[in-house]
1. Looking at this structure, is Pro74 within 18 Å of Ser145 (Cα to Cα) and either among the charged types (D, E, K, R) or surrounded by fewer than 17 Cβ atoms within 10 Å (Cβ to Cβ) (or both)?
2. Might you let me know whether the range 120-131 holds any residue that is without any contact (Cβ under 8 Å) to a residue 40 or more places away in the chain and not charged (D, E, K, R)?
3. Taking the range 292-350, which residues are among the aromatic types (Phe, Trp, Tyr) and over 26 Å from the mean Cα position of the chain (by Cα)?
4. Output the number of residues of the range 59-71 satisfying the condition of being surrounded by fewer than 17 Cβ atoms within 10 Å (Cβ to Cβ) and in a helix (DSSP H, G or I).
5. If you scan the range 104-136, which residues turn out to be closer than 15 Å to Leu18 by Cβ and surrounded by fewer than 22 Cβ atoms within 10 Å (Cβ to Cβ)?
6. Examine the range 155-173 for a residue that is out of contact with any helix residue (DSSP H, G or I) (no Cβ under 7 Å at 6 or more places or on another chain) and over 24 Å from Thr443 (Cα atoms), and state whether such a residue exists.
7. Would you be able to tell me the number of residues in the range 281-324 that are within 22 Å of Val257 (Cα to Cα) and either of a type in the set (Val, Ile, Thr) or in contact with a strand residue (DSSP E or B) (Cβ under 7 Å, 6 or more places away or on another chain) (or both)?
8. Residue by residue through the range 72-103, note down the ones that are over 30 Å from Asp10 (Cα atoms), within 29 Å of the chain's Cα centre (by Cα) and part of a loop (DSSP other than H, G, I, E, B).
Amino acid sequence: MKKTARYHSDRFRLNNQLMWPILLVLFLSPFAFGSTKPAFWLLWSMLISLCGAVLFGRMVLSNARFRIAPRNLPVLFCLFALLGAYMIVQVLPLGALSPAVTSIADPSAVIAVDTISLAPHDTILALTRWASYGLLFFLVLQITSNPQRAQAFINLIYWAIVIHAVVGLLFLVQFGDTILGIPKWKYFGSALGGFINRNSFATFLAFGSVLGINLMMERMTEKPSGKGDSSVLGTYLGKGGVVTIGLGWLVLVITLVATNSRMGLFAACCGMIASVVLTLAKKTAGTNRAGVWILLLAIPVVVGLGMFGYGAIFLERLGSLEASSEVRMQLYQQVLQMIETRPLLGFGGNSFEYAYPLFHQAPVSVDLVWDKAHSTYLALWAEYGLIFGSLPLLIVGIIVFQLGVAYVKTPGQDMLIRCGLCVILIGAVHSLVDFSLEIQAVTFAFVAIVATAWARQVELMNAGERDRS
């Protein structure tokens, strides 16, 4: 056997093995209250780092090459590293470079800080999370560089999210409205699963709803392997058929309604509808357009079904939308004041909960602890400044552009690219008014799905280059 064949075999076997610990992290992290505590940040970071060490070590021993190497994403890698480097700068003793910190309550009192970050230890934790997201993205690229493994990976993520939906619904209606058996202290009557925030759980389920509807459309349009009616029955009723996937999707959407998250449901509908529109907009042979139209009509039907069974609190919250929007706008105005104070440097990664009290005043309620900006965009700019805080947005924007170009150029439908685009849409919409992508378990799912889509566009690009050569 040739050396190159052996190297490819070693790499194939390694990536098959690597898929399972990554899936385990994606599956378990939501059960730990969404992994909102530093202990879990470090735990998952160690596990992902261990996976990375095993991958790099065994690739070196095999003298093999990565299917998708860092050289394939130079711009994304540089932007990612640039923000990480700035986090390090924020914890260095460079406080003299930053303007003095004062409080709205007492402008004459100057708070002395030795670093740019008001909470340097928390900024180090933010750097740890940022590095783990980057490594996770790279590891998933290796796993999903094989198209068959990518399909299996997305399927497993989908069913993992369905399991979380089932657990969330069961603990809402059968086990005393608790968080995995632990008494709630807020969000009574809302499905939370293993999370402590209904909006974060809703975003997580919204990702699953997009995967579900795209998997159903993929199953409808793939070529049957058998002949006659048996192949049609297999497509819809067989193992992994449309009906099986659809039952999971039904549970997901109903649980999504039961979270009582207004923006979560809206973002999910945006993602699902966009998936259908992208499919219909691309007129390719073999697309079951009638089935796709039925799925589009099924979205409001299933949402309505969820409202009928679990929508009382949701509808009540819709009635208070104007009042809550007014509170949010008042909060955003004060966060904008924070940004104006340090437009270039920011207050430090993960420092919002320490910096905002310096600007907190009426009419924003003083009875609540505002430890999040309730807008990921504003949080990034407040913590890292307008330039460095925009780097994550620029990274995602570049990925969207690349995925969009790949989707247009590919000759047929591509479920994985659609999933990536529509999951990004969900994250972008919900991040306008909430902080779901600041919750690690949600971000893990986001990174894994987007990386799978990005690996697919690299595969298509490489195939096109081979065809031209």
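The values are calculated or read from the model by the stated rules, or taken from the named source; none is laboratory data. Remember, it's a predicted structure, so these values are computed and weren't measured experimentally. Here Cβ is always computed from backbone atoms with ideal geometry, including for glycine, and neighbour counts include all displayed protein chains.
1. Taking the combined requirement at face value, the residue satisfies it.
2. Yes, the range 120-131 contains at least one residue that is without any contact (Cβ under 8 Å) to a residue 40 or more places away in the chain and not charged (D, E, K, R).
3. Once the filter is applied, which keeps residues that are among the aromatic types (Phe, Trp, Tyr) and over 26 Å from the mean Cα position of the chain (by Cα), the range 292-350 yields Trp293, Phe308.
4. 4
5. Of everything in the range 104-136, just one residue is closer than 15 Å to Leu18 by Cβ and surrounded by fewer than 22 Cβ atoms within 10 Å (Cβ to Cβ), namely Leu135.
6. yes
7. 6
8. Within the range 72-103, Val91 is the sole residue that qualifies.
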